[in-house]
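Quick note: the coordinates plus some simple rules give every number you see, no bench work behind them. Just so we're clear, the structure is a prediction, and the values are computed from it rather than from any experiment.
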Amino acid sequence: MKKVLVLEDESSIRSFIVINLIRAGYEVVEAETGEEALEKLSENPDVRVTLLDIMLPGIDGFEVCRRVRAAYPHIGIIMRRSSALRSERSPSRRFC
C-alpha cells in the first residue's frame, strides 16, 4: 500500500483529505505543523508522496518542501493552498 503524508493545520480540511485518500486505498500519515511533518517523515521512511499546505504556523510549506527535497529526494511533493481570499495570498515565490 502506498503511504502519503498529509500536512494541513486546519483539522476539518485535513480530515476531508485523509478520508478521501483512505477511501482511495492509501495509508495516510497526518501532521498539523511543518515541524511535525518532518518528524513523521523520519519515522515513516516508506512515505511515497507528501501533500503540503503552504500557509502554516511555524515553518511554512515552502520550507518543508525544501527540507523534504534535500533529505528525501525520492518522495513526491504536492503543494496546496487552502486560502482563497486575495488578501491572504502571499507574494509569489519560486517553487521549492
- Message: For a quick check: with amide H placed at 1.01 Å from N, whose amide H comes under 5 Å from I77's, ignoring anything fewer than 5 positions away on the same chain?
- Response: T50
- Item | Ellipsoid equivalent to the stretch 33-73 - semi-axes via the Cα gyration tensor, in Å | 16, 11, 9
- Message: Taking 0.36 nm per residue of sequence separation and subtracting the Cα-Cα distance, how much length would be gained by fully extending the chain between Y26 and S12, in nm to one decimal?
- Response: 3.2 nm
- If the chain between R48 and E35 were fully extended at 0.36 nm per residue, the gain over the current Cα-Cα distance would be 2.8 nm
- Message: Based on C-alpha coordinates, I'd like the Rg and Dmax of the stretch 2-64, in Å.
- Response: 10.8, 31
